[in-house]
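S.K.: One structure, pasted below without further comment.
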Amino acid sequence: MELENNDYFILYESKKCIYIKVKKLGFDIKSFNDIFARQSQITITNFLDLKNALDFGTREPVQVGVFMPLIEVWTSSDDLKVYITLNITKEEIENDKNNILSKIILELKDKGITHGIKTEVLNTQLEPKKKILICEAELPQHGIDAVIRYIDLPKFQPKINDNGSADHYDMDFIKEVKQGDWLGEKVVAMEGSPGTNVKGVTLGSKHGKDKLLRYDSRSVEAVAEGNKIILRAKKDGAVTFKDGKICVLDHLVIPGDVDYSTGNIEFSGNVTVKGTVQDGFKVVADKDISILDEMGIGAVEKIHSTNGKIYVKGGVSGKGKAIIEAKNGVYIKYANECTVICDRDIHIGYYCINSNIKANNIIVDSVRGRIIGGTLSAKAKISSYTIGNAMEKKTFVNVEGFDRKTIKIELDGLLLKYKEYLEILDKNHRTMVVFENCLKDRIDLTNTKDYMQYVDANEEILAKIGALEERRLELMKILESRGEGEVAVFKKAYPKTFIEIKKIQKVIEEATCGTFYSQNNKLHLS
């Protein structure tokens, strides 16, 4: 097919290739732009051969390019998108638009492309020599993932006021619930909707990811309500998270005092005493103990929490008899002539006078707290506004100290173990998801023996992870201390204050303040 014939050459097409046969020299190659404008299906692929032919002439026709189809079609490998290029002039599009549109539709149909054609592009956005997105698949809409919420639980820490002081008076350790109360819920995962690729093939959707409600089935029940699974308390008690699961613990509430009318209290669960504990009586529980009388307690025999925390809203005037012991934390307004022992931290609001205190960390309020007399022993840190008094009352503060390198090695090992448990948990969870996706009614899963074996294994791993997390937090708290043991005095340490850190002793002879810490077997002050 002859495309151009002038005084200088003949340009023609044969078998989709473009050839030139030169008749006379002297044609300016720049003038080829005019030919390209008229012949938009021509693409020069051998520019140097074209130039040589025009400059030096030829005996035989020379191939210089290819003849492009009127409509080029490209389909993505995943059949999600189709592009076209129109090898025609803008004038041809404008003057013969209906015919061009018909040819595009026919070309797409010949290639099996039937879905997702962009009619607005066909009608308004066709341009020559431009790659145009003309078809796009309808992608599947994946299902919505399950959403889980749990009841908000009180934070076990004093409120910090604007002036920096700690408010130990309105802490709420225990969250009481009644049978049937809402404890949490899961909005179940939703099915997605399928899609269609450009060739009409259905694209499957994914079900939303499911999530497992973590709850203690002995004290919490799961009830299907619409598109939700609701967690409700099976009994009255105190709600908490234990080993990664929400549960309701037994909760004993004493509306008044612990005295002759109640006798000593020994209870498996949480105990709240809305009054006080009279002298000579004791309260022992394996969970949290709260004593809410504003006046605090006096010469009690013992307040002991084996696995929880103790909160005395008032304080302790122990008359040299009271013993307070807890595993996870003690929060009191003041300590006067008493013994307080804790595996974790002890927080004291106003003062500590003539008392024996022992914990990982002992924090006496940094704005107004005073330590006067007695002996305080900590693993990592003791802090107070003042220590001792102007009367030079002998006061002993001792920090056992720790080896920072050893703590970091333990922490690294713990984190590796943590990662190992998470991998096991993930593998176990993937198997559980297979079960969950096979049953439409998630409640029925609890009646599936094989599935419940994985649930039990999951809970065991979560318990181990929970124990590791508690230890990790404990180690991180220790590492917050300065050096390898710290005594922080924010205003004044008076004379006759005896400070010992990692068996390095210091007697305060002149009032001073600052942070004493041990490092490289020496006691430093900063």
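The values are calculated or read from the model by the stated rules, or taken from the named source; none is laboratory data. No experiment lies behind these values; they were computed from the predicted model shown. All Cβ positions, even for glycine, are placed from backbone atoms using ideal geometry, and neighbour counts span all protein chains on display.
S.K.: Any residue that is buried (at least 23 other Cβ atoms within 10 Å of the Cβ), touching an Asp or Glu at 6+ places or on another chain (Cβ under 8 Å) and more than 28 Å from Asp243 (Cβ to Cβ) - is there at least one of those in region 364-376?
M.R.: no
S.K.: Name every residue in region 223-249 that is in contact with a helix residue (DSSP H, G or I) (Cβ under 7 Å, 6 or more places away or on another chain) and part of a strand (DSSP E or B), in order of residue number.
M.R.: If the condition is that a residue be in contact with a helix residue (DSSP H, G or I) (Cβ under 7 Å, 6 or more places away or on another chain) and part of a strand (DSSP E or B), then Ala224, Ile229, Lys245 are the ones that fit.
S.K.: Let me ask another. Pull up region 380-417, narrow it to residues that are under 31 Å from the mean Cα position of the chain (by Cα) and assigned to a strand (DSSP E or B), then point me to the one that is farthest from Ile478 (Cα to Cα).
M.R.: Lys381
S.K.: From the residues in region 279-293 that are in contact with a Ser or Thr (Cβ under 9 Å, 6 or more places away or on another chain) and among the charged types (D, E, K, R), which one is surrounded by the fewest Cβ atoms within 10 Å (Cβ to Cβ)?
M.R.: Ranking the qualifying residues of region 279-293, first place goes to Asp293.
S.K.: Let me ask something else. Here are some residues: Ser40, Ser31. Which one is outside any strand (DSSP E or B), surrounded by 17 or more Cβ atoms within 10 Å (Cβ to Cβ), not hydrophobic (A, V, I, L, M, F, W, C) and not assigned by TED's automatic domain parsing to the domain that holds Pro128?
M.R.: Within the list Ser40, Ser31, the selection yields Ser40.
S.K.: Next up: Any idea which of (1) under 18 Å from Ile382 (Cα atoms); (2) out of contact with any Lys or Arg (no Cβ under 6 Å at 6 or more places or on another chain) is the one Ala467 doesn't satisfy?
M.R.: Every listed condition holds for Ala467 apart from (1).
S.K.: Can you pull out every residue in region 85-101 that is assigned to a helix (DSSP H, G or I), modelled with pLDDT of 85 or more and in contact with a strand residue (DSSP E or B) (Cβ under 9 Å, 6 or more places away or on another chain)?
M.R.: Ile100
This table checks each residue for (1) touching a Gly at 6+ places or on another chain (Cβ under 7 Å); (2) exposed (fewer than 12 other Cβ atoms within 10 Å of the Cβ); (3) over 15 Å from Tyr517 (Cβ atoms).
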position	(1), (2), (3)
Lys381	no, no, no
Tyr385	yes, no, yes
Asn389	no, no, yes
Thr395	yes, no, yes
Lys419	no, yes, yes
Leu422	no, no, yes
Asp426	no, yes, yes
Val433	no, no, yes
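S.K.: Is there a residue in region 64-84 that is aromatic (Phe, Trp, Tyr) and either over 30 Å from Thr119 (Cα atoms) or at pLDDT below 85 (or both)? Write out each step before concluding.
M.R.: Residues of region 64-84 aromatic (Phe, Trp, Tyr): 67, 74, 83.
This time we only want the ones that are either over 30 Å from Thr119 (Cα atoms) or at pLDDT below 85 (or both), so: none.
For region 64-84, residues aromatic (Phe, Trp, Tyr) and either over 30 Å from Thr119 (Cα atoms) or at pLDDT below 85 (or both): absent.
S.K.: Provide a single number: the residues in region 242-277 that are within 24 Å of Glu460 (Cβ to Cβ), surrounded by 15 or more Cβ atoms within 10 Å (Cβ to Cβ), in contact with a strand residue (DSSP E or B) (Cβ under 9 Å, 6 or more places away or on another chain) and not β-branched (Val, Ile, Thr).
M.R.: Residues that pass the stated criteria total 6.
S.K.: Let me ask something else about it. State the number of residues belonging to region 97-132 that are exposed (fewer than 12 other Cβ atoms within 10 Å of the Cβ) and within 14 Å of Leu70 (Cβ to Cβ).
M.R.: So the answer is 4.
S.K.: Collect the residues in region 294-330 that are at pLDDT 95 or above, among the hydrophobic types (A, V, I, L, M, F, W, C) and surrounded by fewer than 24 Cβ atoms within 10 Å (Cβ to Cβ), keeping them in residue-number order.
M.R.: Correct list: Ala299, Ile323.
S.K.: Can you name the residue in region 217-250 that is of a type in the set (Asp, Glu) and over 23 Å from the mean Cα position of the chain (by Cα) and, of all such residues, is nearest to Val147 (Cα to Cα)?
M.R.: Checking each candidate, the answer is Glu225.
S.K.: Would you mention how many residues in region 37-89 are over 25 Å from Lys131 (Cβ atoms) and not hydrophobic (A, V, I, L, M, F, W, C)?
M.R.: Number of matching residues: 10.
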